[in-house]
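The next block holds one structure in the form of structure tokens; read it before the comments.
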């Protein structure tokens, strides 16, 4: 059984949240899926993944960040004004608020209370950073970034001069503006609250890293870096041969494949082990 929720944040925005496997909420662990840059909760593999884990007995949440650029219908980037104002710090805050909403009974009273986070790409980085504020029981990152400072000094100078930068969404052919506040947020906090290195080094929970060897968007070297920062006794790192950034999944969703089925199976194996042993 699926349900839709709207959560008002402390910043005054609203998060659209899809809950899958609602019949499992009382007694099963909760999984929270976190989308990445230019992503949204209904992109490609997210609904399929949420249903997969709900069918395996989990309670699953998947949500849109308030400033991801998608409107309330959840499918089109027609709130580019909000996308322009987004920051990584805002996304971390919103994820923590979703975690606390679950813990505090916003969706329903819970008995199990265990939580796993699954983040893709930039969402993986946000998942890891959230651990600096609110710990959960398991962390899974798919094709995760290891840093948010991803621009050259020349690009940054032009960004500051113009007050914004534009990035192309190759799927929709839209130019998507990012205001300079996004850059300032990263530069101000990259050694502190937005340091993935700091978050991983202080993480004392099980961590699974899955990364494709053919990822051209976020090179596998970033997955290797996250692993090198981690407590290897609590971390599993699997390099996925011939996989790209989205594991050959496209949007609109055209079905799964052997590569992505392997991602789901490995994630499930890891989660089942964590929640059985804890």
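Coordinate-derived values only; no laboratory data. These numbers come from a predicted model, not from an experiment. Cβ: placed from backbone, ideal geometry, glycine included. Neighbour counts: every protein chain shown.
Size check on the range 208-278: the Cα extents along the three principal axes, sorted descending, read 37, 28, 17 Å. Dividing the radius of gyration of the alpha carbons in the range 116-267 by their Kirkwood radius gives 0.99 for Rg/Rh. DSSP assigns beta bridges within the range 55-206; of those with both partners inside it, close to 55 percent run antiparallel.
On the basis of the beta-carbon distance and an R0 of 35 Å, residue 268 and residue 80 show a calculated FRET efficiency of 0.45.
Between the helical axis of 153-162 and the longest alpha-carbon principal axis of the chain there is an angle of about 70 degrees. Where both bridge residues fall in the chain, DSSP classifies roughly 40% of the beta bridges as antiparallel. An ellipsoid equivalent to the range 1-152, defined through the eigenvalues of its Cα gyration tensor, has semi-axes of 23, 17, 15 Å when rounded to whole angstrom and sorted largest first. Nearest 0.05, what FRET efficiency do residue 55 and residue 164 give at R0 = 35 Å with Cβ-Cβ as r? About 0.20, to the nearest 0.05.
The GNM of the chain, with springs linking C-alpha atoms under 10 angstrom apart, assigns the highest mean-square fluctuation among 28, 130, 144 to 28. Roughly how tilted is helix 220-229, in degrees to the nearest 10 and between 0 and 90, from the longest Cα axis of the chain? Computed tilt is about 70 degrees.
Ordered by the number of other Cβ atoms lying within 10 Å of each residue's own Cβ, fewest first, 67, 251, 35, 120 fall into the sequence 251, 67, 35, 120.
Once the chain from residue 111 to residue 150 is taken as fully extended at 0.36 nm per residue, the excess over their C-alpha distance is 9.9 nm. Our analysis of the range 84-162 gives Rg over Rh at 1.10, with the two radii drawn from alpha carbon positions and Rh computed by the Kirkwood formula. The rule of thumb for compact globular proteins, 2.2 N^0.38 Å, goes into the C-alpha radius of gyration of the chain 0.95 times. Where only DSSP H runs of four or more residues are counted, the chain gives -10500 deg cm²/dmol as its mean residue ellipticity at 222 nm, each run worth -39500 (n - 2.57). The calculated FRET efficiency for residue 216 paired with residue 238, based on their beta-carbon distance and R0 = 22 Å, is about 0.70.
Extension gain, residue 135 to residue 171: 0.36 nm times the residue separation minus the Cα-Cα distance gives 9.5 nm. Result for the chain in a Gaussian network model with C-alpha springs under 10 Å: among 227, 37, 22, the largest mean-square fluctuation is at 37. With everything on Cα atoms, drop me the angle between helix 45-55 and the longest principal axis of the chain, reported from 0 to 90° to the nearest 10. The two axes meet at around 10 degrees. Note on the chain: GNM, Cα springs under 10 Å; of 157, 265, 54, the largest mean-square fluctuation is that of 157.
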